[in-house]
Every structure is written in C-alpha cells, then in structure tokens.
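Here is the structure we will look at, set down as structure tokens.
Throughout, read-outs are computed from the coordinates displayed, never taken from laboratory work. Computed from a predicted structure; not experimentally measured. Here the Cβ positions follow ideal geometry from the backbone for every residue, glycine too, while neighbour counts run over all protein chains shown.
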Amino acid sequence: MFSVRMRSSFHGKHVSGAERICKREDIRDTVYELLTRPDNYDYISVKIERVEVKEIEKALPIKTYTFEKVEEAREFAIGMLEKEGIKASILKKLFMELDTGASPDGGNMRGAMIVDIGSGERLEPDKRRGIRTVKVDWSSRKFITDLLLEKGYTLRTVDALAIATKNIHCGVVAEVCWSDDPDYTTGYIASKNLGYIRISPLKRKGSPYVGRIYFVNRGEKDRVITCLEKEAFLIRSL
Ligand code: COA
Ligand code: AMP
C-alpha cells in the first residue's frame, strides 16, 4: 500500500492538507482527487510513500454535545478530561496557550503539542512544529464517508475521527482539538474511555488559533511519536 499526502500553501501560509492510503493501481486517481481539493494556493506538494499497513478494527464511538457558550463547553470538556486523570489547572493553562498561539513565535503550531499527562509539561521536541499524525485512512473511505454524512456529520469528522482513532491506538491517553477555521467552532476531545466527543462551541467564532494537544505518559513519549509518524493504519469500521 502507499501513503499519498498532499499539502498546499499560499504566500507561505498552510492552506490545506489531506492524506489517503491506497493500492498502487489507485495512486493516479488518488493524486488527482487530492490535487483538486484546495482551490487557492501558489504551492502544492504530493508525497507518495510505500507503507506496511496494519488494521484497526473499530473507530472510536462518536458523541456530540452542544452548548450556548464557549465557557460552558470548555467546562464540560475539562470535567470529562479530569476523569482521565488530567488536572483542570493544566487544561486551563494549555487552553490559554492555544488561544493565543501555541508556537513560541505567537502563531499556530504545524502539528500537535505532546504533553505529559502528570505534570502538564510540553514534551514535543520542536515547539513550533509539534507532532503530526500521518499514515492513517479508512479501509473503505467512501462507505464510511457516506455513512457519516448520512448521520449528519461533516467531511471534517471523517478525517478527524480517523486521526483521533489512530492517536488513541498509538497510546495517546487523551486528545483535545479545535480547528483553525475562524467559522468552525466545533472541536473534540477523545480517549479510549470517552470515545470521540464532538463539542460545540469549543473555540470562539472568528479566532484564527488552532489547538491540538496529545496527552501521553512521559515514559511512552518516544514510542507514541514513532507510532504516530511512522506506522500506517487502515481503520475498518465505525
Ligand atoms: N499545518 C501547517 N503546516 C503544515 C502542515 C499542517 N497541518 N502539514 C504540513 N505543513 C508544512 C510544514 O511546514 C511542513 O514542514 P515541517 O515538517 O517542518 O513542519 C511542510 O509543510 C512539509 O510537510 P510534509 O512533510 O509534506 O507533511 P507530512 O508528510 O507530515 O503530511 C499532512 C502532513 C499534510 C498529511 C497533514 O498535515 C494533514 O493535513 N493531514 C490531514 C489532516 C486532516 O485531515 N485534517 C482535517 C481533520 S482534523
Ligand atoms: P486542522 O484540523 O487542520 O484545522 O488543524 C488543527 C490543529 O491540528 C493545528 O494545530 C494543526 O497544526 C494540527 N494538525 C494538522 N494536521 C495535523 C496532523 N496530521 N497531526 C497532528 N496535528 C495536526
């Protein structure tokens, strides 16, 4: 199988990225599909890499909670994550970092924070870059996409659920994410016990800041990062 990864940018700013895992005979169609996704870019790259694929049987189960205000939504998220052993004070501090740009230059990171679940210390080797989850897809992407859209979920959920499922499978204890799209305020938290919980509105409308935090046990950091970046997985079912 092959991991096909596309990313595009405009004036040096990241516009979009997407990834598929496909058979050799499907590479041409996959590249074509990915190339037609972004519509405003001055740079685009496609990487194709042979991978040994393992399977994940089931995606995390999905739940959705909607609140009136960001403050209520975050209190709910914090309450749920406390059940995973993460202190509220650590979460509040990290949320504040995300709200103001978690990269040391004040902008957004290019990947996720890796945080020690016990102390709240950021462990990612490069705090501007963070860690990116790659090499993950659905065994039957069209079938899963149709199923999720039928249930009222978005295309964003198709990709985010795949990433979160791989993260938890690799040993991330819990994840928090919200998008950089100023108009898209739904975020999620995920863990083995909680599943994939969509929460709205997890960020303020108009905010260009993104957030992705992976909580890990300190001693497992290197193994988890290797799994997230190097090991390839196809997810079979919902
Ligand atoms: N955000 C910002 N910059 C990014 C980026 C991202 N998501 N992905 C890539 N870049 C930029 C970085 O500058 C990167 O250099 P770096 O490694 O020093 O950070 C450069 O592009 C080269 O990236 P590349 O090595 O080509 O990317 P990759 O092989 O790690 O693949 C993608 C990453 C593009 C597949 C991944 O970021 C992505 O978009 N996956 C799909 C995510 C998705 O579906 N999101 C929606 C639901 S959550
Ligand atoms: P997005 O989901 O694309 O809106 O991005 C939200 C946040 O997740 C940003 O901090 C991105 O840098 C980060 N991010 C994007 N792609 C990945 C990925 N593949 N793995 C981990 N983090 C990512």
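Given the options LEU91, ILE48, TRP178, identify the residue whose Cα lies farthest towards the positive end of the charge dipole of the chain (+1 on Cβ of Lys, Arg; -1 on Cβ of Asp, Glu).
ILE48
With point charges of +1 on the Cβ of Lys and Arg and -1 on the Cβ of Asp and Glu, referenced to the Cα centre of the chain, which listed residue (VAL70, TYR32, ILE168) lies farthest in the positive direction of the dipole?
The residue sitting farthest along the positive end of the dipole is ILE168.
If the rule is a partner Cβ under 4.7 Å, which cysteines in the chain fail it?
Here CYS22, CYS177 come out as lacking a disulfide-compatible partner, given the Cβ-Cβ threshold of under 4.7 Å.
Distance cut-off 23 Å, Cα to Cα: go down the list LYS63/LYS192; LYS54/LYS151; LYS23/LYS230; LYS23/LYS166; LYS13/LYS151 and report the pairs above it.
LYS54/LYS151; LYS13/LYS151
Taking the Cα centre as origin and putting +1 on Lys and Arg beta-carbons and -1 on Asp and Glu beta-carbons, what dipole magnitude results for the chain, to the nearest 20 debye?
For the chain, the charge dipole is close to 240 debye.
Treat the count of other C-beta atoms within 10 Å as a stand-in for reagent exposure and order CYS22, CYS170 from fewest to most.
Neighbour counts put them in this order, fewest first: CYS22, CYS170.
For all pairs of alpha-carbon atoms in region 56-237, what percent lies in each bin of width 10 Å, listed from the first bin to the last filled one?
Spelled out bin by bin, region 56-237 gives 10, 39, 39, 12, 0 percent.
Loop only per DSSP, at most 11 neighbouring Cβ atoms within 10 Å: give me the trypsin sites (Lys or Arg not before Pro) in region 77-175, ordered by residue number. Can you show the working numbers first?
Working: sites: LYS83, LYS87, LYS92, LYS93, ARG110, ARG122, LYS127, ARG128, ARG129, ARG132, LYS135, ARG141, LYS142, LYS151, ARG156, LYS166; in loops: LYS83, LYS87, ARG110, LYS127, ARG128, ARG129, ARG132, LYS135, LYS151.
Within region 77-175, the qualifying trypsin sites (Lys or Arg not before Pro) (loop, at most 11 other Cβ atoms within 10 Å) are LYS83, LYS151.
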